[in-house]
1. If you take the residues of region 71-106 that are among the hydroxyl-bearing types (S, T, Y) and touching a helix residue (DSSP H, G or I) at 6+ places or on another chain (Cβ under 7 Å), which of them is surrounded by the most Cβ atoms within 10 Å (Cβ to Cβ)?
2. Of these, A363, A368, which one is surrounded by 22 or more Cβ atoms within 10 Å (Cβ to Cβ) and modelled with pLDDT of 85 or more?
3. Is at least one residue of region 183-191 out of contact with any Leu (no Cβ under 8 Å at 6 or more places or on another chain), surrounded by 11 or more Cβ atoms within 10 Å (Cβ to Cβ) and outside any helix (DSSP H, G or I)?
4. Condition test on I122, is it surrounded by 19 or more Cβ atoms within 10 Å (Cβ to Cβ), of a type in the set (V, I, T), touching a residue at least 12 places away in the same chain (Cβ under 8 Å) and closer than 25 Å to P72 by Cα?
5. Quick check on L125: is it part of a helix (DSSP H, G or I) and closer than 24 Å to Y31 by Cα?
6. Could you please find all residues in region 391-442 being in contact (Cβ under 8 Å) with a residue 60 or more places away in the chain and over 25 Å from the mean Cα position of the chain (by Cα)?
7. Return a yes/no flag: does region 52-75 have any residue that is modelled with pLDDT under 90, outside any helix (DSSP H, G or I) and touching a Lys or Arg at 6+ places or on another chain (Cβ under 8 Å).
8. Among the residues of region 42-69, write down those that are small (G, A, S), touching a residue at least 40 places away in the same chain (Cβ under 8 Å) and more than 23 Å from S110 (Cα to Cα).
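The values are calculated or read from the model by the stated rules, or taken from the named source; none is laboratory data. In this text the structure is predicted, and so the values were computed from the model without any measurement. Cβ: placed from backbone, ideal geometry, glycine included. Neighbour counts: every protein chain shown.
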Amino acid sequence: MTANKILGYAIGPIGASIVGFITLPIITWFYSVEDIGRISMLQVVASFSVLLFCLGLDQAYVREYHESTAKPKLLVMTLLPGLILSIITFGIIFIVDSGFISKWLYDIPSTYLTLISIACFILSLVSRFLSLILRMEERALAFSMSQLLPRIMFLLYILITIQLGFIKDIYNLVTAQAFSITAAFIVFAWSTRKEWSLLFSYKIYYRELKPLLFFGLPLVVGGLASWGLNVMDRLFLRSMSSFSELGIYSVAASIAGVGAIFAGIFNTIWTPMVYKWVNQGVDLSRVDEISEHLLAAIYFVTVLCGMFSWVLPYFLPKEYAPIEYLVTACLLGPLFYTLSETTAVGITIARKTSLSMIASVGAMLANALGNYLLVPHYGAAGAAVSTALSFWLFYVLRTEFSRKVWRKIPTTKTYIVMTLLLACAFMDTIVFQGNLYSIAVWFILCLIGFFSFRKSISLLYHSVNIRFNSIRNI
C-alpha cells in the first residue's frame with residue numbers, strides 16, 4: 001500500500017478526531033452530564049445492533065472479496081439477510097410498545113426518541129456494508145470523508161442549537177446523532193451508487209449463502225462478546241451507578257479515543273492488506289516487525305498521555321475533574337485491541353473463527369466480573385481499570401490461539417511491556433489519581449522506552465529525515 005493511500009485513510013480518523021476534540025468541550029459546557037451519559041447508551045446499542053444483524057456476513061464479505069468473481073452478488077448475499085431481519089425485529093418491538101426503546105435507553109418514554117433511535121440503528125447497519133466497499137476497493141479518500149463529514153455535521157448541528165437558543169436536552173442530542181449518521185449514510189450511498197444499484201439484480205440462493213453463514217455466524221457470537229467487552233463498563237455504570245458517573249466515564253473514553261486515532265487508521269488498513277499478502281504469497285514474517293513498531297507507538301502514546309493528562313481539567317467543567325486519572329486507563333483498551341489485530345489475523349487466515357469467539361467470550365466474562373467487583377466501590381475508575389485488564393487478557397488469548405493454528409509469534413517482550421503499562425495505569429487510576437508521583441512514574445517509563453524501542457525510533461527518524469530531504473529538494 002502506497003504512502004498516499006495510507007495518508008488518504010489517515011485523513012478521516014485524524015480529521016474526525018480533531019473535530020471530536022473541538023466538539024467534546026462544547027457539549028460538556030452546554031449539556032448536562034446525565035444527558036451525555038444517555039447519548040452514550042444510543043451509541044452502545046447502535047454498535048450492538050450492527051454486530052447482531054450483520055450476522056457475521058460483513059466479515060465474510062471482507063474475507064471473500066478478493067477471491068470473488070461477482071462482487072455485487074457477494075454484496076447482495078451479505079447485506080440483505082441482516083437488513084431484512086433488522087427491519088422486522090424493530091418493527092415488531094415498535095408495534096408492541098412504541099416507547100420501549102426510549103425508556104430502556106434513556107429512562108424517558110418517548111415515541112419520537114424510539115423512532116429516531118431505530119432509524120440510527122438501521123442506517124448504521126447499511127452504512128457498515130457500504131463502507132466495506134470503499135475499504136476493499138482502497139478508495140481511501142472517499143472512505144475518510146465518510147468518517148469526517150458526520151462529525152462535522154454533528155458539530156454544526158450543536159453550534160446552531162446553541163446559537164438559536166434551542167433547548168439543550170437529550171432530544172436535541174439524539175437528533176444531532178441521527179443527523180450525523182444520516183449524513184454518513186448519504187455519503188456512503190453516493191460513493192458506492194454503482195455497486196448497490198445492482199442490489200436487486202441477483203437472487204439469493206441458500207446453497208451459496210450457506211458457506212458465508214458458516215464462516216460468519218461464529219463471528220456473531222464472538223462479535224457480540226467483543227461488543228460486551230467494549231461496553232460492559234457503560235452497562236455496569238448504568239445499572240450499578242448513575243447517569244452522572246456514566247457521563248464522566250463516557251467523556252474520558254471519548255478523549256482516549258482521540259488519543260488513539262492511529263488505531264482506527266491501522267485497523268482499517270491491516271486486515272485487507274494481510275489477506276492480500278496471503279493471496280499473493282508474500283512472506284508473512286514482516287508481521288512480526290510491524291507488531292514490534294506498533295508496540296513502540298502504543299507504549300509512547302500511553303506514556304505521553306499519562307504525563308500530560310493533568311491539563312485536561314482546565315478545558316472542562318469542574319464536575320469532569322476525575323477525567324485526569326481516568327483517561328490513560330481508558331486509552332489502553334483500544335490500543336491493546338489494535339495490537340491484537342496484528343497477531344489475531346492468523347485465526348481468520350486459518351478460518352478458525354470459533355477461536356475468536358472463545359477469546360472474546362473469555363475477555364468479556366473477565367470484564368463483567370471486574371466491573372461487578374470494582375464499579376460499586378470505585379465507580380468510573382473501577383470500570384476503566386476492569387476494561388483495561390480485560391483487553392490485556394483479550395490480547396493474550398487471541399495471540400496464543402493464533403500461535404496455535406498459524407505461526408509462532410514472538411511474545412515475550414510484548415507481554416512484559418503490556419503488563420507494565422497496565423500496572424502503571426492501575427496505580428494512576430486507583431492510587432495516585434493524577435498526583436506528582438504519577439507524573440514521575442510516567443516520565444521514568446518514557447526514558448525506559450527510548451532504550452527499549454531504539455530500533456523503532458531509529459526507523460522513524462530515518463523515515464522522517466528522508467521525507468524531509470525529499471520535500472526540501474523539490
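1. Only one residue fits best here, namely T78.
2. Only one candidate qualifies: A363.
3. No, region 183-191 contains no residue that is out of contact with any Leu (no Cβ under 8 Å at 6 or more places or on another chain), surrounded by 11 or more Cβ atoms within 10 Å (Cβ to Cβ) and outside any helix (DSSP H, G or I).
4. yes
5. Spelling it out, it is not the case that L125 is part of a helix (DSSP H, G or I) and closer than 24 Å to Y31 by Cα.
6. Answer for region 391-442, where residues must be in contact (Cβ under 8 Å) with a residue 60 or more places away in the chain and over 25 Å from the mean Cα position of the chain (by Cα): W406, R407, P410, K413, F432, Q433, G434, S438, I439, V441, W442.
7. Among the residues of region 52-75, not one is modelled with pLDDT under 90, outside any helix (DSSP H, G or I) and touching a Lys or Arg at 6+ places or on another chain (Cβ under 8 Å), which makes the answer no.
8. Within region 42-69, G56, A60 meet the criteria.
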